[in-house]
1. Among the numbered criteria (1) in a loop (DSSP other than H, G, I, E, B); (2) open to solvent by 20 Å² or more (accessible area, probe 1.4 Å), which one does VAL187 miss?
2. Please find, within the stretch 109-162, the residue that is most open to solvent (accessible area, probe 1.4 Å) out of those that are at pLDDT 85 or above and among the acidic types (Asp, Glu).
3. Tell me the residue from LEU373, LEU348, LEU390 that is open to solvent by 20 Å² or more (accessible area, probe 1.4 Å), farther than 19 Å from LEU154 by Cα and more than 24 Å from the chain's Cα centre (by Cα), please.
4. When residues of the stretch 118-164 are filtered for being touching a residue at least 60 places away in the same chain (Cβ under 8 Å), among the acidic types (Asp, Glu) and part of a helix (DSSP H, G or I), how many remain?
5. Would you check if there is a residue in the stretch 199-206 being in contact (Cβ under 8 Å) with a residue 40 or more places away in the chain and open to solvent by 40 Å² or more (accessible area, probe 1.4 Å)?
6. Wholly within the stretch 206-298, which helices (runs of 4 or more DSSP H) include no fewer than the required count, namely at least 3 residues that are closer than 21 Å to GLU133 by Cβ?
Amino acid sequence: MASVAVNKFVEVCRYLQDPVHVARFQHFCGVKGTFPEKRTQPDSGQSDPDCPGIRKRLRRSSDEAVGNGDAAVTRVNGKQEEEEDAAAGPGGPAAAETARAKPLRRNSLTGDVGQEFLIHNKFLFYLFTFGTELGNEMFFIVFFPFLFWNIDALASRRLIVVWAWNLFVGQSTKDMIRWSRPASPPVVKVEVFYNSEYSMPSTHAMTGTAIPFCLFMLTYGRWQYPFLLGFCVALSWSVLVCVSRVYMGMHSVLEVITGFLYSLLVLAFFQPILDKIDNYYMTDRYAPLVIVASHVSLGLVAFSLDSWSTSRGDTAQALGTGAGAALASHVNYQLGLLQDPPPSSLPLTLPPITAGLVSRSLLRFAVGVAVLLATRMAMKAVTIPFLCRLFGLPPDDVRQARQQMKVELPYRYIVYSVVGFSCVCFAPVLFWILNLD
């Protein structure tokens, strides 16, 4: 009985892992590939002899003629769509609706630019582009500071703790499982920035689940709002990010589901101890030493799991941001800056929305983000050449230098720990000086 259940579970996992389902979903949403006429031989599903331990994805044989998710189509997607556009005429509906596009966010470190594809539903393209951006670096640079400076500093600093650990756990799991991205064809790579990373589980799905649900967990009862509203916002946020990763061709259905459930497991672990971690970071005299040692150690562990990929930098970036924010929280507490509201003032309520409040918040946000971006730019300009000289590497080949752990780990860690510290400590002091607090 147990073996039957296990076999059924494995069968379901293999079904959900099939890239054909990703291609069909893309086809349903109006994404078509422009693949070359010659079809490549499908993978055998066996391990790559040059990369032991890497499990290649199973793909259907070429005689099934999947054609980017449409099992009934045997011609190449790009060719077929051009024929349809021509049949419709220059002013026909196909010409009006179809747009050619290149993959989003070219990766400057890998040089991967991807291949053109056709977009037939621009609304879904922009919707899922927005959804996938909710898990990218620039969103975190904007979201965490806005939350910290304008809404709730306590919720923001605890959210950063969960985000950093969540990303570390997810990226490390990827490097231990070592599954490749969905095969293309049949999948269209709408995004290629993360294509060099492994894919199981989806860390976008993990962060896209951890952030909204952790924020809901931290603010419900602390702020006055209906439970159903908060839960629906968190669930909608999570679903949008998860589905966007399938649309982008970056993850299978199984990887997205696993990322969602894995993130809930991480949240369940942190929920009872998050308050203790936050208090320890702020009050203990040895907290700065523990913060630096623990975050650097985790970075070394992550970098030692596998060969270079862009996930190394993402992990070090999250850990560096978490360390900088935690150190700044300790400094703020010791100096009596940015004290949390007393328990007697809870639950908090939103103040009346006035033009003065909005303009002040936007001005504070604009000044703070400008400071963070300037800090990030200055630290990047200084750190990479310094590390190249320190380790005897040519400073003119930044891409090659950053593919080495001795450069990428300290570079990401130093730059983003300073950015995190500036966000939590320096920027609020600047607001006080400018009378924007």
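The values are calculated or read from the model by the stated rules, or taken from the named source; none is laboratory data. Bear in mind that the values here come from a model prediction, so they are computed numbers and not experimental data. Cβ placement follows ideal geometry from the backbone for every residue including glycine, while neighbour counts extend to all protein chains displayed. With ligands, DNA and RNA removed, areas are computed over all heavy atoms of the protein, side chains included. Shrake-Rupley method; radii C 1.70, N 1.55, O 1.52, S 1.80 Å.
1. The single condition VAL187 does not satisfy is (2).
2. Selected residue: GLU133.
3. Details: LEU373 fails: more than 24 Å from the chain's Cα centre (by Cα); LEU348 fails: farther than 19 Å from LEU154 by Cα.
Among LEU373, LEU348, LEU390, only LEU390 is open to solvent by 20 Å² or more (accessible area, probe 1.4 Å), farther than 19 Å from LEU154 by Cα and more than 24 Å from the chain's Cα centre (by Cα).
4. Selection size over the stretch 118-164: 1.
5. Quick first cut of the stretch 199-206, residues in contact (Cβ under 8 Å) with a residue 40 or more places away in the chain only: 199-206.
This time we only want the ones that are open to solvent by 40 Å² or more (accessible area, probe 1.4 Å), so: none.
No, that holds for no residue.
6. Working: elements: 227-247, 253-270, 274-283.
The qualifying helices (runs of 4 or more DSSP H) are 227-247, 253-270.
A quick yes/no check of all residues on (1) modelled with pLDDT of 85 or more; (2) in the same structural domain as THR258 (by the TED database); (3) open to solvent by less than 60 Å² (accessible area, probe 1.4 Å); (4) within 16 Å of SER252 (Cα to Cα):
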| position | (1), (2), (3), (4) |
| --- | --- |
| SER3 | no, no, no, no |
| ARG24 | yes, yes, no, yes |
| HIS27 | yes, yes, yes, yes |
| LYS38 | no, no, no, no |
| PRO42 | no, no, yes, no |
| SER47 | no, no, no, no |
| ARG55 | no, no, no, yes |
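Here's the yes/no breakdown for (1) more than 30 Å from GLN334 (Cα to Cα); (2) not aliphatic (A, V, I, L, M):
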| position | (1), (2) |
| --- | --- |
| ALA366 | no, no |
| ILE384 | yes, no |
| PHE391 | yes, yes |
| ARG402 | yes, yes |
| MET405 | yes, no |
| PRO410 | no, yes |
| ILE414 | no, no |
